[in-house]
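The values are calculated or read from the model by the stated rules, or taken from the named source; none is laboratory data. Just so it is clear, the model here is predicted, and its values are computed rather than measured. Cβ: placed from backbone, ideal geometry, glycine included. Neighbour counts: every protein chain shown. For accessibility, only protein heavy atoms count, side chains too; no ligands or nucleic acids. Shrake-Rupley method; radii C 1.70, N 1.55, O 1.52, S 1.80 Å.
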Amino acid sequence: MGVPASPVEIWNSIRPGPLTLRKGWGDDDNWYVVIEAECAWDAEDGIMLVWRNGTTLSKVGPYNGHLTNANAYGDETLRDVVYKARNAEYMTRIVELGSR
């Protein structure tokens, strides 16, 4: 299967798995709500959705066990990156509600 083209196709292609609560690592005092899911377009890695303190979507990507993209890539410049795309044009960053 190719990558779904619409939001409806995306959500219809995901099978949610376990939901866990995990503590951040090192100097990260946050708690994270993590959902692992199977997805049709990446059967090997699946998808991981992570919410910092249960309120801010902070990471979306293949399941790799890391709570943030900064941890996953060992790069602090990715601290606010939700989705790390190969093409920087499509990279998504956290925007806190009061900062727009």
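With θ taken as phi - 60° and the coefficients 6.51, -1.76 and 1.60, list the Karplus ³J(HN,Hα) couplings across segment 75-82 in order, rounded to whole Hz; mark glycine and proline as x.
Listing the rounded values in order: 9, 4, 5, 9, 3, 9, 8, 7 Hz.
Mind giving me the nanometre distance, one decimal, between the label points for residue 40 and residue 77, set 7 Å out from Cα along Cα→Cβ?
3.7
Give the long-range amide H neighbours of residue 46: residues separated by 5 or more places, or on another chain, with amide H under 5 Å away, using H modelled in the peptide plane at 1.01 Å from N.
HN-HN under 5 Å from residue 46: 39, 63.
With a 10 Å radius around each residue's Cβ, average the other Cβ atoms per peptide and rank 58-65, 85-92, 28-35, 13-20, highest first.
58-65, 28-35, 13-20, 85-92
For 36, 76, give the ranking by accessible area with the largest first, probe 1.4 Å.
Reading off the accessible areas and sorting them downward yields 76, 36.
Please report, in cubic angstrom per residue, the volume enclosed by the convex hull of the alpha-carbon atoms of the chain.
Cα-based convex hull of the chain, divided per residue, equals 128 Å³.
Specify the inter-centroid distance of segment 27-41 and segment 5-19, based on alpha-carbon positions, in whole Å.
Result: 15 Å between the Cα centres.
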